[in-house]
Amino acid sequence: MRLTVVTQTPEEVVLKVEGQIRLAVEAGVLAREGQRRLKAGQRLVLELRGLQAINHAGLGLLRWWVDTGQPVVLRHGSDSLRAVLRFHRLTPEEDAQILPG
């Protein structure tokens, strides 16, 4: 897995996530980097276009961020990844308009 800062302001950071989150160590790297940004008061935008696979550890991290009200936004991703995220009620930003109001 590779994380790249795409853009950063004092209010928001966009991290491009590439590769796979299949091991707990990879989820741990994302957790540490994400928490560092969130503790600094930044909204965390995860650009998922390059993410090829994610397992329960990565999904659990995303679920925890959402359940605890962290300002985390999931953006883009393949059709299959977006389907997995929707199944786990982790809706990517561009899918928000299809959710029932």
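Can you tell me which of Q8, Q70 is free of Cβ contacts under 8 Å to residues at least 60 places away in the same chain, in contact with a helix residue (DSSP H, G or I) (Cβ under 9 Å, 6 or more places away or on another chain) and over 18 Å from T91 (Cβ atoms)?
Q8
Applying the selection to the stretch 39-61, what residues are within 16 Å of V13 (Cβ to Cβ) and touching a strand residue (DSSP E or B) at 6+ places or on another chain (Cβ under 7 Å)?
Q42, R43, L44, V45, L46, E47, L48
Hey, can you tell me all the residues within the stretch 22-35 that are outside any helix (DSSP H, G or I) and either small (G, A, S) or under 20 Å from Q70 (Cα atoms) (or both)?
Result: no residue meets the conditions.
When the residues of the stretch 52-83 are narrowed to those that are more than 12 Å from the chain's Cα centre (by Cα) and either buried (at least 17 other Cβ atoms within 10 Å of the Cβ) or hydroxyl-bearing (S, T, Y) (or both), which ends up farthest from G34 (Cα to Cα)?
Ranking the qualifying residues of the stretch 52-83, first place goes to S80.
Any chance the stretch 36-50 includes a residue that's more than 11 Å from the chain's Cα centre (by Cα), part of a helix (DSSP H, G or I) and within 23 Å of V84 (Cα to Cα)?
Residues of the stretch 36-50 more than 11 Å from the chain's Cα centre (by Cα): 36-43, 50.
Retained after the next criterion (residues that are part of a helix (DSSP H, G or I)): 36-39.
Adding the requirement that they be within 23 Å of V84 (Cα to Cα) leaves none.
Within the stretch 36-50, none of the residues are more than 11 Å from the chain's Cα centre (by Cα), part of a helix (DSSP H, G or I) and within 23 Å of V84 (Cα to Cα).
Of the conditions (1) closer than 21 Å to P10 by Cβ; (2) at pLDDT below 90; (3) within 13 Å of the chain's Cα centre (by Cα), E33 fails just one. Which one is it?
Condition not satisfied by E33: (2).
The values are calculated or read from the model by the stated rules, or taken from the named source; none is laboratory data. Treat the numbers as computed from the prediction; the structure is a model and nothing was measured. Because the Cβ atoms are built from the backbone with ideal geometry, glycine has one as well, and the counts that use them run over all protein chains shown.
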